[in-house]
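I have placed the structure first, in the form of structure tokens, so that the comments after it can refer back to it.
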Amino acid sequence: MTVNFFKEHSHVAMYRKSRLSSPSQVDELVLNYLKAKKGKPFTLAVDIGCGSGQSTRGLASYFDKVVGIDVSEAQIEEAKKVDGPDNVSYRLGLAENLEFEDGSVDLVTSGTAVHWFKMEKFMKEAERVLKPKGCVALYGYNIPTLLGYDNCPEDPDQIVEEMSAQLEPYETKGYKTVWTDYQEQLDAITFPDKERAEDIFIKFKKPVSWIKGYLKSFGVYQIYLKKDPENADASMDQIEQRLINALGGSSETIVEFSIKYFCLLASKHE
């Protein structure tokens, strides 16, 4: 996890504003899996690639201690700005070098970050730090769709897809694995006891402007911005305006989105 696209504070602030917290459906899925495989007590959870801490804070009520780790100093600073439970802390660190004692961790989790990991090294570290029957949970999600807009002059979902397609030329090999629901990462998990939960659909409401901010919060957008700064913002703004026109509102019009989550789950041996 040596890639760090989150150095600019403006980008990190957009990430914090635009990224979704881990939904309760995903948290419950992970916790029920951990309970079934290992059982309580739940002492320590480690959230790798924690960003500004949305998913880290969501685990606080279930564990004695939760530690969020990220390679980005700016992300860690942003996470620490948010008031949160006393049992949550953040630190700089790598997925491939987890600074925890052997057999001390109940859950190693990561939300939309595992595509940056060096999986072989990460799995060795996960096996080392996890308790017997401790678990790994790695989740991601796809591009959102809009709900209830079938009679627009232009298909809103097609416009969102075009906005997302602006990033495709800049996607890394690892990032492309998101579109296969992390099949490559599932294959790389060395624990025999593993599975993938699919088609977890979450509905939520946001302003129209949220989708542009969400896509611009991606690490690959930073690649786009550096390679083509004149067109990066302009192209996203133009497509957003088409979306606003199709919906017949403004950038602050509240609309309903749906997004599909998936989650890799694995349990260490006894």
| query | Where residues in region 229-251 are touching a helix residue (DSSP H, G or I) at 6+ places or on another chain (Cβ under 9 Å) and farther than 24 Å from Y149 by Cα, which of them is least open to solvent (accessible area, probe 1.4 Å)? | reply | A232
| task | Any residue in region 115-128 that's under 11 Å from N97 (Cβ atoms) and open to solvent by less than 70 Å² (accessible area, probe 1.4 Å): show its pairings with residues that are among the hydrophobic types (A, V, I, L, M, F, W, C) and at pLDDT below 95 at Cβ separation under 9 Å, as long as the two are six or more apart or on different chains. | result | F122/M1
| said: I'd like the full set of residues that are open to solvent by 50 Å² or more (accessible area, probe 1.4 Å) and among the acidic types (D, E), limited to region 23-69. | reply: E28, D64
| query | Out of region 1-53, which residues are part of a loop (DSSP other than H, G, I, E, B), modelled with pLDDT of 75 or more and among the polar types (S, T, N, Q)? | reply | S21, S22, T43, S52
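Is it the case that N87 is within 25 Å of F204 (Cα to Cα) and surrounded by fewer than 18 Cβ atoms within 10 Å (Cβ to Cβ)?
Considered against the rule, which asks whether it is within 25 Å of F204 (Cα to Cα) and surrounded by fewer than 18 Cβ atoms within 10 Å (Cβ to Cβ), N87 comes out as no.
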| field | Unique residue being free of Cβ contacts under 8 Å to residues at least 60 places away in the same chain, out of contact with any helix residue (DSSP H, G or I) (no Cβ under 8 Å at 6 or more places or on another chain) and of a type in the set (K, R) when the list is K260, K226 | value | K226
| Set Q185, Q166: member being open to solvent by less than 50 Å² (accessible area, probe 1.4 Å) and either at pLDDT below 95 or among the polar types (S, T, N, Q) (or both) | Q185
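The values are calculated or read from the model by the stated rules, or taken from the named source; none is laboratory data. Everything numeric here is computed off the predicted structure, so don't read it as measured data. Here the Cβ is made from the backbone with ideal geometry for all residues, glycine too, and neighbour counts use every protein chain on show. When the accessible area is computed, the model is the full protein with side chains, heavy atoms only, and any ligands, DNA or RNA have been set aside. Shrake-Rupley method; radii C 1.70, N 1.55, O 1.52, S 1.80 Å.
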